[in-house]
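What follows is a set of notes on a single structure, which appears directly below.
Read the figures in this text as sums done on the coordinates, not as results from a lab. Only a predicted model underlies this, so the values are computations on that prediction, with no experimental measurement involved. Here the Cβ positions follow ideal geometry from the backbone for every residue, glycine too, while neighbour counts run over all protein chains shown.
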């Protein structure tokens, strides 16, 4: 299993600002994923972040808006840039282990005013 | 196209009644399917996976390739089963595609 810590757990931000979400894992993992869960919606994959390579973004998500860092095998950050109210969402960090199971952080609830 | 469909957003049953949460998928390869659950104020967690063919908390799910379904079933629902349930399909690059989710409410 894996224990994942996300910071911040929640934040209220002003339009036009940027926020960086941190994800720390208690073990070394190759694959980390960032998901978004908009109010009343399911989880949507933003990008896959593998250590040592550029993040791979899903359709509809771009690096300029959601830059991701993956400096080592236990840590990643997701930045939500130039925020608008439409970015209000829960952002989830997850890691994939052998067997296919994903472990999730508790999420970062972002409200943009 | 890779898609997971959960047709019911809300499902309500009485305690002790059987419950079935529906999930259909479309995937060109050999699918790996999972059910995840999110209890109130808890993080999303794995409930069961089709490969294991196991029963967790009384829940089972059988992969039916002919009907492209992976419905979650429990013969006697309990109040503590009330939660949000997501069906998920594992893709080749190991990430998951999630269905829209079904909120199950078990009434006393």
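Quick notes on this one:
- Taking every residue in A:35-46 and counting other chain Cβ atoms within 10 Å of its Cβ, the average works out to 4.
- Each listed q (0.19 Å⁻¹) maps to a log10 I(q)/I(0) for chain A from the Debye sum over equal C-alpha point scatterers, namely -0.94.
- Computed FRET value (nearest 0.05) for residue A:59 with residue B:14, which takes r as the C-beta separation and R₀ as 45 Å: 0.60
- Note on the protein assembly as shown: semi-axes of the ellipsoid equivalent to its C-alpha gyration tensor, largest first and rounded to whole Å, are 30, 20, 16.
- The spacing between the range B:20-39 and the range A:26-104, judged by their C-alpha centroids, is 21 Å.
- Value of relative contact order over chain B, rounded to a whole percent, pairs C-alpha under 8 Å and six or more apart: 38 percent
- The base-10 log of I(q)/I(0) for the range B:3-107, evaluated at q = 0.16, 0.19 Å⁻¹, reads -0.64, -0.90 [Debye formula, identical scatterers on Cα atoms, solvent excluded].
- Packing here is the average count of other Cβ atoms within 10 Å per residue, and on that basis the peptides A:86-92, B:36-42, highest first, run A:86-92, B:36-42.
- Shielding by other protein chains, B:94-104, mean Cβ within 10 Å: 5
- Mean projection area, nm², convex hull over Cα of the range B:57-108: 4.6 nm²
- Peptide A:94-104 shows a mean partner chain C-beta count of 5 within 10 Å per residue C-beta.
- In the range B:43-82, one over the average inverse separation of all distinct C-alpha pairs is 11.3 Å, which is the Kirkwood hydrodynamic radius.
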